[in-house]
Amino acid sequence: MATGQLFSRTTQALFYNYKQLPIQRMLDFDFLCGRETPSVAGIINPGSEGFQKLFFGQEEIAIPVHATIEAASAAHPTADVFINFASFRSAAASSLSALKQPTIRVVAIIAEGVPESDTKELIAYARANNKVVIGPATVGGIQAGAFKIGDTAGTIDNIINCKLYRPGSVGFVSKSGGMSNELYNSIARVTDGIYEGIAIGGDVFPGSTLSDHVLRFNNIPQVKMIVVLGELGGRDEYSLVEALKQGKVTKPVVAWVSGTCATLFKSEVQFGHAGAKSGGDLESAQGKNQALREAGAVVPTSYEAFETSIKETFDKLVEEGKTTPVKEFTPPQIPEDLNIAIKSGKVRAPTHIVSTISDDRGEEPCYAGVPMSSIIEKGLGVGDVISLLWFKRSLPRYCTQFIEICIMLCADHGPCVSGAHNTIVTARAGKDLVSSLVSGLLTIGPRFGGAIDDAARYFKDAHDRGLTPYEFVEGMKKKGIRVAGIGHRIKNRDNKDKRVDLLQKFARTHFPSVKYMEYAVQVETYTLTKANNLVLNVDGAIGSLFLDLLACSGMFTKQEIDEIVGIGYLNGLFVLARSIGLIGHTFDQKRLKQPLYRHPWEDVLYTK
């Protein structure tokens, strides 16, 4: 268990199981406190990735969403608090996974009903590894003016009323989250407010105890007095009694144990929390209050007198010069949300587009954070620009050279291929450049130039699964799927595509590894035993070599490589390259002033 302060103004958290309202409340609290950075670094939503848009004051921000706890922890190594909004069914497993991350220091479990055996396992692991668990069945905790967990302290209006936007002098710990809000108000009325407040949760086995946090508060210089709100049931309060008796707590403690009314009932009563059930005199509210009083805590005669006891204790500290009340100030106003602001005339509108590749808001445009002037001054080329805008990183020179070679080799393949033919016909019909270009681009697909992604996908799958060329080709045949990247209408064994040879020579010279290309060549060797024209074509060469580029550059994870292939990046190379040729054919036809094209009758088979 930690021995001092848990949170600060720079603390950041990972939020498990996306809930818009508690996250927005955390961000609004951040703004209210004048934090420079949002307290939520990332969101974990099992099975999904991307971003969630939320407000940080007036500005809208994009918070990354990760599919796993491991990925989020790796992406945000400074986030050391894990806020778990999972249901009771999965809260224990996800919390244990979080505790096992070296970057996570505190785990808050919101769910009620977590099996006690699971909770005990979490407690044991946390204590063995010097980590802190708050909950289960907790609303969380707050350090005034610095950081809060989820819905702690409720609405912004309540936070302002409780003066939680700046630190006070009181450390507060309670079992009840609902009663915490009540006490935050009471403490703010009669003292300079809360420094830190924790609701440990109402389960029988809380992850951390009242005494754990009281002992922490005792070690925090800014905490001048401690307020404790317990409840009947269990014996947690007695560990605090022992700490007081042993002199481990040197600061004034004002305590009250709720549930004194239980004696009015003839039979045993189960109150709201799982742990709020008296099991005898020791576990009764009266028994605990008496024990705390005898140990040296200030214990009022009733809950109604609790606030007065807190005030008297604080006033005494002020009179003795042991604390100086914090000076009050007016916190900034939180911008109203759209549905509320419409009525008041104050509006903040959400954005409709998220962009991560370029930014034109500064003095000059930036590609993936790299200023335009820097690109020119460093003598970077088209391949470098593509690496920034498509892959969001600066790739090694051999990679960008390969991209440029692919563009040059695929720019055009004569006027007879379907894309060029369509563009020529459209240009001769008098259409503009964009229309002519698009008519050619629309022919790109599995049969014309659009097989690069499929070739990469199939070669990668077969290679990674360890299939022999025979197993791969015959397996595809059984499925009725053509092997993308293999076969040509004109080229054959004795007249191979020169473009393929040039790509392979460059890769063998510059790439650290060409395992996927070599596998594609082995597949070609096998397919040539079937037909003379089943050669590795330019789609197959680019597809396999791009796999080698992604794999051997060391700049992409396996997941990123699969995503790049799946999204269609590789076909994008062909689209970009062939656009150069299609534009050329458009200009060529217009320059030659070619008339409307009509296909000759003799080239059509008319049949019934």
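The values are calculated or read from the model by the stated rules, or taken from the named source; none is laboratory data. What you see is a predicted model; the values in this text were computed from it and never measured. Cβ placement follows ideal geometry from the backbone for every residue including glycine, while neighbour counts extend to all protein chains displayed. Keep in mind that these areas ignore ligands, DNA and RNA; they rest on the heavy atoms of the full protein, side chains included. Shrake-Rupley method; radii C 1.70, N 1.55, O 1.52, S 1.80 Å.
Give me the percent of the accessible area of the chain that comes from carbon and sulfur atoms, probe 1.4 Å, all protein chains in place.
Values: 15890 of 28800 Å².
Accessible surface attributable to carbon and sulfur in the chain totals 55 percent.
Work out from phi, with θ = phi - 60° and the Karplus expression 6.51 cos²θ - 1.76 cosθ + 1.60, the ³J(HN,Hα) of each residue of region 393-409, listed in order in whole Hz, and give x for Gly and Pro.
6, 8, 7, x, 4, 5, 5, 5, 5, 4, 4, 5, 5, 4, 5, 5, 6
Whole percent per 5 Å bin, from 0 to the bin with the longest distance: what is P(r) over all C-alpha pairs of region 452-515?
3, 14, 19, 22, 23, 14, 4, 0
Counting DSSP beta bridges in the chain, what percent are antiparallel, to the nearest 5?
Counting only bridges with both partners in the chain, antiparallel ones make up about 40 percent.
For TRP390, tell me the accessible area in Å² from a 1.4 Å probe, rounded to the nearest 10.
Ignoring ligands and nucleic acids, TRP390 comes out at about 70 Å².
Could you give me D for the chain, from Stokes-Einstein at 10 °C and 1.306 mPa s, where the hydrodynamic radius is the Kirkwood radius over C-alpha pairs? Units µm² s⁻¹, please.
On the way: Rh = 29.5 Å.
My calculation gives 54 µm²/s for D.
For region 493-499, in order, what is each residue's ³J(HN,Hα) by Karplus, 6.51 cos²θ - 1.76 cosθ + 1.60 with θ = phi - 60°, in whole Hz (x at glycine and Pro)?
4, 8, 9, 6, 5, 4, 4
Just in region 376-417: which trypsin sites (Lys or Arg not before Pro) are loop by DSSP and have at most 16 other Cβ atoms within 10 Å?
LYS378, LYS392, ARG393
For PHE51, enumerate residues with amide H under 5 Å from its amide H, sequence gap 5+ or separate chain, H modeled in the peptide plane.
Amide H neighbours of PHE51: VAL65.
Suppose every K and R has +1 on its Cβ and every D and E has -1 on its Cβ; what is the size of the dipole of region 294-402 about the Cα centre, in Debye to the nearest 20?
For this selection, approximately 700 debye.
Going by average Cβ neighbours within 10 Å, how do the peptides 594-600, 579-585, 169-175 rank, with the highest at the top? It would help to have the intermediate numbers written out before the result.
Numbers: 594-600: 9.4, 579-585: 19.4, 169-175: 27.9.
Going by the mean number of other Cβ atoms within 10 Å, highest first, we get 169-175, 579-585, 594-600.
Tell me, what ³J(HN,Hα) does each residue in region 71-77 have, in order and in whole Hz, if you take phi through Karplus 6.51 cos²θ - 1.76 cosθ + 1.60 with θ = phi - 60° and put x for Gly and Pro?
Karplus values, whole Hz, x for Gly and Pro: 5, 5, 5, 5, 6, 10, x.
Going by amide H atoms built from the backbone, whose H comes under 5 Å of the H on VAL107, apart from near neighbours?
Amide H neighbours of VAL107, under 5 Å, 5+ apart: PHE82, VAL132, VAL133, ILE134.
When a/c reaches 1.5 or more, the comparison of a/b and b/c decides; with that in mind, is region 167-224 rounded, prolate or oblate per its Cα gyration tensor?
oblate
Of the listed peptides 361-369, 188-196, what is their order by residue-averaged count of other C-beta atoms within 10 Å, with the highest listed first?
188-196, 361-369
Taking the Cα centre of the chain as origin and charging only Cβ (+1 Lys, Arg; -1 Asp, Glu), how large is the dipole, in debye to the nearest 20? Numbers along the way, then the final one.
Details: 65 positive and 64 negative charges, 367 e Å.
Dipole about the Cα centre, nearest 20: 1760 debye.
Residues with amide H under 5 Å of VAL514's amide H, sequence separation 5 or more or different chain, H placed in the peptide plane at 1.01 Å from N; which?
Amide H to amide H, under 5 Å and 5 or more residues apart or across chains, VAL514 pairs with nothing.
Output the antiparallel fraction of DSSP beta bridges having both residues in region 1-102, as a percent to the nearest 5.
Antiparallel bridges: around 40 percent, rounded to the nearest 5.
Work from the charge dipole of the chain (Cβ charges, +1 for Lys and Arg, -1 for Asp and Glu, about the Cα centre) and give the residue of ALA153, ALA91, ASN571 farthest towards its positive end.
ASN571
Does region 105-148 come out rounded, prolate or oblate by the C-alpha gyration tensor, with a ≥ b ≥ c the root eigenvalues, rounded set by a/c under 1.5 and, if not, prolate when a/b is larger than b/c and oblate if not?
Oblate shape, in that a/c is at least 1.5 and b/c is the bigger or equal ratio.
Do me a favour and compute the ellipsoid semi-axes for region 78-138 from its Cα gyration tensor, root of five times each eigenvalue, largest one first, whole Å.
Values for region 78-138, descending: 17, 13, 9 Å.
What FRET efficiency comes out for THR509 versus SER373 if R0 is 30 angstrom and r is the Cβ-Cβ distance? Round to the nearest 0.05. Mind showing how you got there, number by number?
Values: r = 33 Å, r/R0 = 1.08.
The value I calculate is 0.40.
Rounded if a/c is under 1.5, else prolate if a/b beats b/c, else oblate: with a ≥ b ≥ c from the C-alpha gyration tensor eigenvalues square-rooted, which is region 191-259?
prolate
Charges at C-beta only: +1 for Lys and Arg, -1 for Asp and Glu. How large is the resulting dipole of region 84-197 about its Cα centre, in Debye rounded to 20?
That gives region 84-197 a dipole magnitude of about 300 debye.
From the P(r) of region 396-488, can you give the percent of Cα pairs sitting at distances over 23 Å?
So the portion of pairs separated by more than 23 Å is 45 percent.
Across bins of 5 angstrom width beginning at 0, how are the C-alpha pair distances of region 492-608 distributed, in whole percent?
2, 9, 13, 15, 14, 12, 11, 9, 7, 5, 2, 0, 0
Distance from the Cα centre of region 44-80 to that of region 530-583, in angstrom?
With region 44-80 and region 530-583 each reduced to a Cα centre, they are spaced 31 Å.
Among 88-96, 422-430, how do they line up by average Cβ neighbours within 10 Å per residue, starting with the highest?
422-430, 88-96
Whole number in Å², please: accessible area per residue of the chain, 1.4 Å probe, ligands, DNA and RNA not counted.
With all protein chains present, the chain gives 47 Å² per residue.
Distance in nm between label sites at ASP360 and LYS392, each 7 Å beyond Cα in the beta-carbon direction?
2.1
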